[in-house]
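Only one structure is covered here, and it is reproduced in the block below.
Every number in this text was worked out from the coordinates using simple rules, so none of it is lab data. The shown structure was predicted, so the numbers you read here are calculated from the model rather than taken from an experiment. With ideal geometry, Cβ positions are generated from the backbone for all residues, glycine too; neighbour counts draw on all protein chains shown.
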Amino acid sequence: MSAAPATASTSPDFVISRTFDAPRDLVWKCFTDQARMAKWWGPKGVTAGIVKLDLRPGGMCHYTMTSPDGKVMWGKSVYREIKAPERLVFINSFSDENAGLTRHPLAPTWPIEMHTIITFEEQRGGKTKLTIRWSPLNPTTEERHTFDTGHDSMRMGWTGSLDQLEAHLAQTH
């Protein structure tokens, strides 16, 4: 199962896309099923734990990411729109173990909340084009600058996550 290379955009938002050799319903389930998501979510080398996944508008995905050196970071996504199997819209942020809003533990000027749109497009031959669009929600000038200058780092993180998703899909498909 090989995926097409990720592509990027020149939009002020961060946009990354990849086409997977897997049907859209399966790729959708990898983002919306707690057990599946725990197997691939997070940057390469990070182990995810999906504590809660309440897939409904106003519901939340609360998760942990543990680095190879044992450092634990918490995150959450609060769903705004769910249009199965085409589109997920949510507000993503770092959090504490109680799902309280926190700053990025390693980047204090990172935007507190990120508006996230993920689209799942059917392609010929049973493939799926996945596109992730990220933009800071109500950022300060400093947060916007951190976001704007962090696209390479975001690309690296998301590419690692999408590589893990690709490997998971290859085992599942």
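Of the numbered conditions (1) in a strand (DSSP E or B); (2) out of contact with any Cys (no Cβ under 8 Å at 6 or more places or on another chain), D163 satisfies every one except a single condition; which is it?
Going through the list (1) in a strand (DSSP E or B); (2) out of contact with any Cys (no Cβ under 8 Å at 6 or more places or on another chain), D163 breaks only (1).
Regarding N98, is this residue surrounded by fewer than 17 Cβ atoms within 10 Å (Cβ to Cβ) and at positive phi?
no
May I ask you to list the residues in region 145-156 that are surrounded by 16 or more Cβ atoms within 10 Å (Cβ to Cβ) and either in contact with a Lys or Arg (Cβ under 6 Å, 6 or more places away or on another chain) or part of a helix (DSSP H, G or I) (or both)?
T146, F147, H151, M154, listed by residue number.
Quick one: which of P105, P85 is assigned to a loop (DSSP other than H, G, I, E, B), under 19 Å from the mean Cα position of the chain (by Cα) and buried (at least 17 other Cβ atoms within 10 Å of the Cβ)?
It is P85.
Tell me yes or no: at least one residue of region 116-126 is buried (at least 18 other Cβ atoms within 10 Å of the Cβ) and among the hydroxyl-bearing types (S, T, Y).
Yes, the conditions are met somewhere in region 116-126.
So which pairs qualify, if the first residue must be in region 136-163 and under 15 Å from M114 (Cβ atoms), the second must be buried (at least 19 other Cβ atoms within 10 Å of the Cβ) and of a type in the set (G, A, S), the Cβ gap must be under 7 Å, and the two must be at least 6 apart or on different chains?
Taking only residues 6 or more apart or on different chains, the pairs are S161/G42.
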